[in-house]
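Working notes, beginning with the structure itself.
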Amino acid sequence: GAAGALPAQLLRLAQDAEAELRLQRELLLQIQRLGPRRRQKAPRSTPKTLREEEEEGMGGATEGEAPVIPVLVLACDRSSVRRCLDKLLRYRPSARRFPVIVSQDCGHAETARVIASYGAAVAHIRQPDLSEVPVPPEHRKFQGYYKISRHYRWALGQVFRTFRYRAAIVVEDDLEVAPDFFEYFQAVLPLLRGDPSLWCASAWNDNGREGLVDAGRAELLYRTDFFPGLGWLLLAELWDELEPKWPAAFWDDWMRQPEQRRGRACLRPEVSRTVTFGRKGVSHGQFFDQYLKFIKLNDRFVPFTRLDLSYLRQDAYERLFLAQVYSAPEVTLEQLRDAAAAPGSGPVRLQYRGRDSFKALAKALGVMDDLKSGVPRAGYRGVVSVLCRGRRVFLAPPSDWTGYDPSWS
């Protein structure tokens, strides 16, 4: 009996694998059909260079043509992925330039039906390995984080290896995007390509709560040393670097380690272009009730592609931003709380000297006070910029700051 059951089981596995391959092949064709439509060029006698062949591959864009940036949506067992997809499809300016690829883990049937209901508007790929991940005994309760990391690795591999895109925006199934989400990423892609000191761009401000951000300055963008995630853009070159050492779990905190970050920064907005509605998840809503549900989602369209964003390049930014921070008058928390005592009405600086003073001041301002590998959320060169009672406040280290201390965690 048992011996006879084994070949049948193997046959079924082989048939499943074959069906999966067929599905991936169909998707690849579908994605290629969605890919850039080229202008017909006159035939040429010389063979194409590898670079030209690459340009004609799916991710390449020739001169005068907007690049194709797929949006990779990571889904599992939340049928509320509908809320995420509805907004993405409503706001995307072009199906050809922003193909939506939903990668589903967990094999959850109801979620799969929701994704399938979008038909050809989205490509649906499925993580083939749904097995339990072997985890150290003390991490048994973190099994979910191991599965997420495995799914990320597989899905990003599909986007950059199988489909050969040159850049991608990563979104999870519990994010809702702002009307200018696509406009923002389209505008910052050239910055990412041209400035090796940048390694990603994110739609998220960790301290983006109502009252802490200047909603009237929705066009403001920053550099940050903290990897924000939650709707982020990366280039294929970064995946080439990260994939060989991708971690078994806790991928986002791993990204925040100095070995991965290597002194590079991300771009982030003053006002978030994503919000999360996912209280249910592996982290059991720990931050959700405290912070995440108060994040303000930008609601007015900023034409980023028509703005001059050169101030975000490293040399310009260090010059302008740091001058702004360290020319702001230093105040105490007491002066800040007593509006009459604080000088003028312009930006002010609250200085911290060590980990404990940073945490105490962050708490008093209502900003997130946790540090990862010594880096504060949304911080750049140790500086966190927020609004407090309508006034710009720079929570900053002394001006002779020499770098992050990973023991501040």
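The values are calculated or read from the model by the stated rules, or taken from the named source; none is laboratory data. It should be emphasised that the depicted structure is a prediction, and the values quoted were computed from it without experimental measurement. Because the Cβ atoms are built from the backbone with ideal geometry, glycine has one as well, and the counts that use them run over all protein chains shown. Heavy atoms of the whole protein, side chains included, go into the accessibility calculation; ligands, DNA and RNA do not. Shrake-Rupley method; radii C 1.70, N 1.55, O 1.52, S 1.80 Å.
In the stretch 233-298, what percent of the accessible surface is made up of carbon and sulfur (1.4 Å probe, ligands and nucleic acids excluded)?
52 percent
Leaving ligands, DNA and RNA out of it, rank V348, V133 by accessible area with a 1.4 Å probe, largest first.
Descending accessible area places them as V133, V348.
Place a +1 charge on the Cβ of each Lys and Arg in the stretch 71-297 and a -1 charge on the Cβ of each Asp and Glu, then give the dipole magnitude about the Cα centre in debye, rounded to the nearest 20.
400 debye
Determine the per residue accessible area of the stretch 322-404 with all protein chains present and a 1.4 angstrom probe, expressed in square angstrom.
43 Å²
Taking the Cα centre of the stretch 323-396 as the origin and placing charges on Cβ (Lys, Arg +1; Asp, Glu -1), which of L361, Q335, Q324 is farthest toward the positive end of the dipole?
The residue sitting most towards the positive pole is Q324.
Taking N as the number of residues in the stretch 88-170, what value does Rg over Cα atoms divided by 2.2 N^0.38 Å take?
Its radius of gyration relative to the 2.2 N^0.38 Å reference: 1.27.
Could you give the length gained by full extension between T162 and S357, i.e. 0.36 nm per residue of separation minus their alpha carbon distance, to one decimal place?
Gain on extension, T162 to S357, equals 65.3 nm.
Which one, L192, F227, Q257, is farthest towards the positive end of the dipole of the stretch 71-297 when Lys and Arg carry +1 and Asp and Glu -1 on their Cβ?
Looking along the dipole axis, the top candidate is L192.
Determine the alpha carbon to alpha carbon distance for each of K296/K363; K87/K280; K147/K280; K87/K147; K141/K293; K245/K372 and list only those over 23 Å.
Distance filter (> 23 Å) returns K87/K147; K141/K293.
Rounded to the nearest 10 Å², what accessible area does R96 have for a 1.4 Å probe in the complete protein model?
It works out to around 60 Å².
Report the Cα centroid-to-centroid distance between the stretch 72-86 and the stretch 339-358 in angstrom, as an integer.
Between the Cα centre of the stretch 72-86 and that of the stretch 339-358, the gap is 42 Å.
Can you send over the carbon and sulfur percentage of the accessible area for the stretch 135-222, probe radius 1.4 Å, protein chains only?
On the stretch 135-222, the fraction of accessible area on carbon and sulfur atoms equals 51 percent.
Ignoring ligands, DNA and RNA, what percent of the 1.4 Å accessible area of the stretch 323-396 is carbon and sulfur?
Its accessible area is 50 percent carbon and sulfur atoms.
Express in nm, to one decimal, how much length is gained between A120 and T402 on full extension, taking 0.36 nm for each residue of separation and deducting their alpha carbon distance.
Result: 96.3 nm gained on full extension.
Cα centroids of the stretch 229-265 and the stretch 100-136: how far apart, whole angstrom?
Spelled out, the Cα-based centre of one part sits 23 Å from the other.
Could you do me a favour and compute the accessible area per residue for the stretch 71-297, 1.4 Å probe, result in Å²?
Value returned for the stretch 71-297: 37 Å² of accessible area per residue.
Can you check how the C-alpha radius of gyration of the stretch 107-248 compares to 2.2 N^0.38 Å, as a plain ratio?
This ratio for the stretch 107-248 stands at 1.20.
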